[in-house]
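A.B. asks: The structure is given below, and queries will be raised subsequently.
The values are calculated or read from the model by the stated rules, or taken from the named source; none is laboratory data. Fair warning: this is a prediction, and the values are worked out from it, not measured in the lab. Here the Cβ is made from the backbone with ideal geometry for all residues, glycine too, and neighbour counts use every protein chain on show. Side chains included, ligands, DNA and RNA excluded: accessible areas come from the protein's heavy atoms. Shrake-Rupley method; radii C 1.70, N 1.55, O 1.52, S 1.80 Å.
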Amino acid sequence: MTTNPLANKHITLAVTGGIAAYKACELVRLFVKAGAVVQVVMTEAAARFVGPLTFETLSGRPVALDLFSGKMPHLALTREKTDLLLVAPASANILAKAAQGIADDLVSTLIAGRNCPLAVAPAMNDKMWTNAPNQRNIALLKQDGVHIFGPACGELACGVSGSGRMLEPQQLMACARRVLTPQILAGKKVLVTAGPTYEPIDPVRGITNLSSGKQGYAVAQAAFEAGADVELVSGPTGLRAPYGVKLVKTDTALSMKAAVDKAAPQADIFISVAAVADWHVRAPSSQKIKKASLQGSQPMIALEENPDILAETAKANKRLYCVGFAAETQNVESYAREKLNRKGLSLVVGNNAGFALGADVNSVVFVTKNASVAFEGISKQEVACRLINAIACDLGLCKGENL
Ligand code: CTP
């Protein structure tokens, strides 16, 4: 299995004319950073927005521009190993040509002669995007199996707000990763909880913990990239929702439980990564508690136990594949196995709490009924990819592999 679907992949990035061409520069940088080899091709119109030298410098390869340069670059490029042909930004013009099979310049000729998956990231004014012929072309491209990345709704270069804005480079990366990742969770609904919970004491104070949410967000993203339909129920974090994932924001353990109760009956897999507070304040004050009102005495805060969201969800949804995380400071594997049995789970990820909280790396052990496997000092993204793979294998969805 691979934990970085972009490593050593050959991507041809076709840039067509549009102001969003400037965002394609950042996209090249991100692809290269992820270990991909990027060949940029540009239309004449694109070269009026961004100079080829910028792309040449970022990709480390000459940019192909001209169909008639003498060496038949369109044929040379289609013969080269290519894993993905991505058109970003894709103008209404190139979408029309791609849908109709018109091949009259280097980019459209490459599209017509490709032997790899094609993805397009439309970028245009909202009127052009909703224009009936453009929508017909998009429908045709979808029928032909072309991946349509976006567009987003938001501020457009012409000053208005609407549909037609190209996805951000990070979002396009997530889409490209999904196209290049084996779709082992295709058709599955995955529910993930992430982050800390927050239990108010009064309107300005509360009980929370150091969970950053990074591991849970990475799990949600990896599940999306493996083809799942993902809902992420998150406590308060400073993180952006991974592209393609439905985010439901919660704060207290009880509000997180309500969101999970709503989604769990439709889900196939539940991955509980959230660091749920074990207690909440029995009667939070509706006003800020003033020191003076205590007249020098200690505040007394009565606590009440929170429900165990994971254990109750596993009990109430027998056909749900449930995964827990066990943050421990000692005896990680044996405590993880104890939680597997006590909460009625299919898999538990044991990790070292002191080491993992807020950090970008993690050391984990995956524990199932019959097996366990440990991974030391790997990134949270890698933990997420390995976990998704382990779940799919345990469910018999990836052939020939096991935990
Ligand atoms: N969990 C949950 N609801 C809770 C407490 C925990 O859903 N009220 C879930 C966590 O998301 C995690 C797993 O249960 O997947 C284990 O959490 P952890 O805090 O390690 O275990 P506890 O059951 O709280 O046990 P202890 O704190 O004694 O280790």
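A.B. asks: Within the stretch 374-388, identify whether any single residue is within 16 Å of the ligand (Cβ to nearest atom), buried (at least 18 other Cβ atoms within 10 Å of the Cβ) and part of a strand (DSSP E or B), and answer yes or no.
C.D. replies: no
A.B. asks: Another one. Of everything in the stretch 283-312 that's within 16 Å of the ligand (Cβ to nearest atom) and in contact with an Asp or Glu (Cβ under 7 Å, 6 or more places away or on another chain), which residue is farthest from Val219 (Cα to Cα)?
C.D. replies: Kept after step one, since they are within 16 Å of the ligand (Cβ to nearest atom), are these residues of the stretch 283-312: 303-312.
Among the residues that remain, those that are also in contact with an Asp or Glu (Cβ under 7 Å, 6 or more places away or on another chain) are: 305-306.
Working: Glu305: 27, Asn306: 24 Å.
Per the stated criteria, the residue is Glu305.
A.B. asks: Right, something else. Could you count how many residues in the stretch 318-338 are more than 13 Å from the ligand (Cβ to nearest atom), more than 25 Å from the chain's Cα centre (by Cα) and surrounded by 15 or more Cβ atoms within 10 Å (Cβ to Cβ)?
C.D. replies: Final tally of qualifying residues: 1.
A.B. asks: Working only within the stretch 203-232, note down all residues that are over 24 Å from Ser363 (Cα atoms) and of a type in the set (A, V, I, L, M, F, W, C). So that I can check it myself, show each step before the final result.
C.D. replies: Taking the stretch 203-232 first, the residues over 24 Å from Ser363 (Cα atoms) are 203-207, 227-231.
Scanning the stretch 203-232 gives Val204, Ile207, Ala228, Val230.
A.B. asks: Pairs, please: C-beta under 7 Å, at least 6 apart or cross-chain, first residue in the same structural domain as Ala90 (by TED's automatic domain parsing) and without any contact (Cβ under 8 Å) to a residue 24 or more places away in the chain and in the stretch 116-142, second hydrophobic (A, V, I, L, M, F, W, C) and open to solvent by 20 Å² or more (accessible area, probe 1.4 Å)?
C.D. replies: Within 7 Å, the pairs are Lys142/Ile148.
A.B. asks: So, in the stretch 1-24, of the ones that are open to solvent by less than 20 Å² (accessible area, probe 1.4 Å) and in contact with a Leu (Cβ under 8 Å, 6 or more places away or on another chain), which residue ends up modelled with the lowest pLDDT?
C.D. replies: Only one residue tops the list, namely Pro5.
A.B. asks: Got a number for residues in the stretch 44-91 being among the hydroxyl-bearing types (Ser, Thr, Tyr), modelled with pLDDT under 95 and surrounded by 14 or more Cβ atoms within 10 Å (Cβ to Cβ)?
C.D. replies: 2
A.B. asks: Regarding Lys315, is this residue near the ligand (Cβ under 8 Å from one of its atoms) and surrounded by 11 or more Cβ atoms within 10 Å (Cβ to Cβ)? Give the derivation first.
C.D. replies: Details: near the ligand (Cβ under 8 Å from one of its atoms): no; surrounded by 11 or more Cβ atoms within 10 Å (Cβ to Cβ): yes.
Against the criterion (near the ligand (Cβ under 8 Å from one of its atoms) and surrounded by 11 or more Cβ atoms within 10 Å (Cβ to Cβ)), Lys315 does not qualify.
A.B. asks: Residue check: is Val245 within 14 Å of the ligand (Cβ to nearest atom) and either buried (at least 20 other Cβ atoms within 10 Å of the Cβ) or under 16 Å from the mean Cα position of the chain (by Cα) (or both)? Please lay out each step first, then the result.
C.D. replies: Numbers: within 14 Å of the ligand (Cβ to nearest atom): no; either buried (at least 20 other Cβ atoms within 10 Å of the Cβ) or under 16 Å from the mean Cα position of the chain (by Cα) (or both): yes.
Taking the combined requirement at face value, the residue does not satisfy it.
A.B. asks: Sort out for me the strands (runs of 3 or more DSSP E) sitting completely within the stretch 252-346 that have 2 or more residues that are of a type in the set (D, E, K, R) and modelled with pLDDT of 95 or more. Walk me through how you get there before you give the answer.
C.D. replies: On the way: elements: 269-272, 279-281, 303-305, 321-328.
Here the list reads 303-305.
A.B. asks: What number of residues in the stretch 185-215 are among the polar types (S, T, N, Q) and part of a strand (DSSP E or B)? Break it down into steps so the answer makes sense when it comes.
C.D. replies: We begin by selecting, within the stretch 185-215, every residue among the polar types (S, T, N, Q); these are 193, 197, 208-209, 211-212, 215.
Imposing the further condition that a residue be part of a strand (DSSP E or B) reduces the set to 193.
Summing the residues that are among the polar types (S, T, N, Q) and part of a strand (DSSP E or B) in the stretch 185-215 gives 1.
A.B. asks: Now for a separate question. Residue check, Leu254 against (1) within 15 Å of the ligand (Cβ to nearest atom); (2) crowded, with 16+ Cβ neighbours inside 10 Å, all met but one. Which one?
C.D. replies: The single condition Leu254 does not satisfy is (2).
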